[in-house]
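**Student:** Here it is: the structure, laid out below.
Every read-out reported here was derived from the displayed coordinates using simple, explicitly stated rules and does not represent laboratory data. This one's a predicted model, so the numbers in the text were calculated from it and none came from an experiment. No Cβ is skipped: glycine too gets one built from the backbone with ideal geometry, and neighbour counts run over all protein chains shown.
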Amino acid sequence: NAGVTQTPKFQVLKTGQSMTLQCAQDMNHNSMYWYRQDPGMGLRLIYYSASEGTTDKGEVPNGYNVSRLNKREFSLRLESAAPSQTSVYFCASRPWTSGDPEQFFGPGTRLTVL
Amino acid sequence: QQPVQSPQAVILREGEDAVINCSSSKALYSVHWYRQKHGEAPVFLMILLKGGEQKGHEKISASFNEKKQQSSLYLTASQLSYSGTYFCGTVVSSGSRLTFGEGTQLTVNP
């Protein structure tokens, strides 16, 4: 089991460029999430997908779009990158089981926008 | 609404104890605790559910006061490996998403 994988691990963009962050999980989890982490700000939810075919906005969705391609994959797109989007991006997944299960995080993508 | 964690940072010597607190203004279904080491992803530690059920690490204990919507994480006889940032995440109803606090940075020195 690879768990949650993210690509790329590092990326440098120029202002205005676009890119897609990829996330995949092999644990057959229903729910998937994208967070950003800035120094001192904790983990802020950008978008999430409670199940295949659905997506919802989190706390900080502006400037991002997502696609739940299938049950395994959940991508995050920056259409026109801005320096304020410099951050570490984490993808996470969570199963639908009783007892409020834990979330599993990917290793993160470190994005710098110049 | 984001839960509030305290303290923001704590420095210990190996073997000392620490308590990290998490409080919410909303009624909670559960509280999650995660630890993140520098440059790594957060890792699950423990879940405390409404009604008293707990799941998680054998060596870490925590409490959940449902009346006050507060949780505390107890780190006893700290080890160097305990260093990292601790996040609480709160859930307001079964199946709803986690909302994370800003974290508590714990440093354990020899």
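**Student:** Other chains near A:39-46: what is the mean number of their Cβ atoms within 10 Å of each residue's Cβ?
**Tutor:** The shielding value for this peptide is 5.
**Student:** Under unit Cβ charges (Lys, Arg +1; Asp, Glu -1), what dipole magnitude, rounded to 20 debye, does chain B have relative to its Cα centre?
**Tutor:** Dipole size: approximately 320 debye.
**Student:** Separate question: HN-Hα J couplings of the range B:13-21 from phi, Karplus 6.51/-1.76/1.60, θ = phi - 60°, integer Hz, Gly and Pro as x?
**Tutor:** So the J values, rounded to whole Hz, are 9, 3, x, 7, 9, 8, 10, 10, 10.
**Student:** Once you place label points 7 Å from the Cα toward the Cβ at B:SER63 and A:GLU59, how far apart are they in nm?
**Tutor:** 2.7
**Student:** Let me ask another. Of chain A, which part is the longest with no trypsin sites (Lys or Arg not before Pro) in a loop (DSSP not H, G, I, E, B) and with at most 11 other C-beta atoms within 10 angstrom?
**Tutor:** Formally, the longest exposed-site-free interval is A:15-114.
**Student:** Among A:SER93, A:CYS23, A:SER80, whose Cα projects farthest towards the positive end of the dipole of chain A, with charges put on the beta-carbon of Lys, Arg (+1) and Asp, Glu (-1)?
**Tutor:** My answer, from the dipole projection, is A:SER80.
**Student:** Of all the Cα-Cα pairs you can form in chain B, what percent are over 16 Å apart? Display every interim value, and only then the final one.
**Tutor:** Working: 3282 of 5995 pairs.
The answer is 55 percent, as a whole percent.
**Student:** Continuing with the same structure: Can you pull out the trypsin sites (Lys or Arg not before Pro) in the range B:26-99 whose DSSP state is coil and whose Cβ has at most 13 other Cβ atoms within 10 Å?
**Tutor:** Counting only loop positions with at most 13 other Cβ atoms within 10 Å, the trypsin sites (Lys or Arg not before Pro) in the range B:26-99 are B:LYS26, B:LYS37, B:LYS59, B:LYS67, B:LYS68.
**Student:** Count, for each residue of B:28-41, the Cβ atoms from other chains sitting within 10 Å of its Cβ, then give me the mean as a whole number. Mind dumping the intermediate values first?
**Tutor:** Values: counts 0, 1, 2, 1, 4, 1, 4, 0, 6, 0, 0, 4, 3, 13.
Per-residue shielding by partner chains comes out at 3.
**Student:** Exceeding 18 Å between C-alpha atoms, which entries from my cross-link table qualify? They are A:LYS14/A:LYS57; B:LYS26/B:LYS68; B:LYS26/B:LYS67.
**Tutor:** A:LYS14/A:LYS57
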